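Below you'll find the structure, written out as structure tokens, and then a few comments.
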Amino acid sequence: AGEQVLLGPLLVRHCTEVWDVLVKDDKTTTTKTESRRDVLVQVPAQLDVQGEARSQALQRGLFKVNTFGAQLTLNARWHSLAALQPRQLQKESRVRCGPAHAVVAVKDARGIRQVSVRINGEPAAVQGGTLNPAWGQGLHTVLADGVAASSEVPVRLVLQMELAGTQRLALVPAAEQTTFALQSDWPHPSFGGRFLPVSREVSAKGFAAKWAATAVSSTAPTDVRDGG
């Protein structure tokens, strides 16, 4: 697998609004049906990511390639699912919505070795794909009907993943509050991206670093909700 960038978990729901329009000409009046697709996206109120990465140098011909295997735990919380409730923008329209999904995007899905998801303490089946071409590769799981129907009930999702990659591991801070703590045995880290760690320790045995971001300091939550 190549470089890895994580986005999510996000809660997503696809809806369609249908309404009738009267079309009049000089002699007749007909009814035409129009529709609008709506993709509802809700970012977590809090996203806490804990990770440990082990480095391994591999040879590709004459060249050395630095790879990693990371054990990651993503803990996401939503206060409610209010943002996933159908929106009726046209008068006397009909709105139909599919099930709500939890989605995690990764830059290179070949690196996903193992993954498990629990929603409100219950295990959930994991399927491939993000259901959105803009997010690329990844995985998703369907929220149980009882969870998706309870708009005022808090939701907690815990995802554990073993992820392999090459050279770079990054996280998109798509939550109202995001923390990311990572430990590794790699002694020569290069901290890039838009946010430097709020704390770091680097030694000959490796490094430990922690990042923090909020919706005030990052446009990521708004960009994701707006389809970016």
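Tabulated results
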read-out	value
P(r) tail fraction, segment 17-151 - alpha-carbon pairs more than 27 Å apart, %	43
Net charge, Arg87 excluded, C-beta distance under 9 Å - Lys, Arg +1, Asp, Glu -1	-2
The chain, Cα convex hull volume normalised per residue, Å³	160
Most mobile of Arg77, Arg36, Arg60 in a GNM of the chain (Cα contacts under 10 Å)	Arg60
Gaussian network model of the chain, Cα within-10 Å springs - most flexible of Asp25, Asp38, Asp108	Asp25
Computed helical MRE - 222 nm, the chain, DSSP H runs ≥ 4 contributing -39500 (n - 2.57), nearest 500	-1000 deg cm²/dmol
Neighbourhood charge, 11 Å Cβ-Cβ cut-off, centred on Asp20 and excluding it, Lys, Arg +1 and Asp, Glu -1	+1
For the chain, built as a Gaussian network whose Cα springs stay under 10 Å, the top-fluctuating residue of Ala170, Ala212, Ala125	Ala125
Using alpha carbons only: equivalent-ellipsoid semi-axes of segment 53-122, gyration tensor based, whole Å	42, 17, 9
Within the chain, longest stretch clear of exposed GluC sites (Glu not before Pro) (DSSP loop, no more than 16 other Cβ within 10 Å)	4-91
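Throughout, read-outs are computed from the coordinates displayed, never taken from laboratory work. These numbers were taken from a predicted model, which means no experiment stands behind them. All Cβ positions, glycine included, derive from the backbone under ideal geometry; neighbour counts span all protein chains shown.
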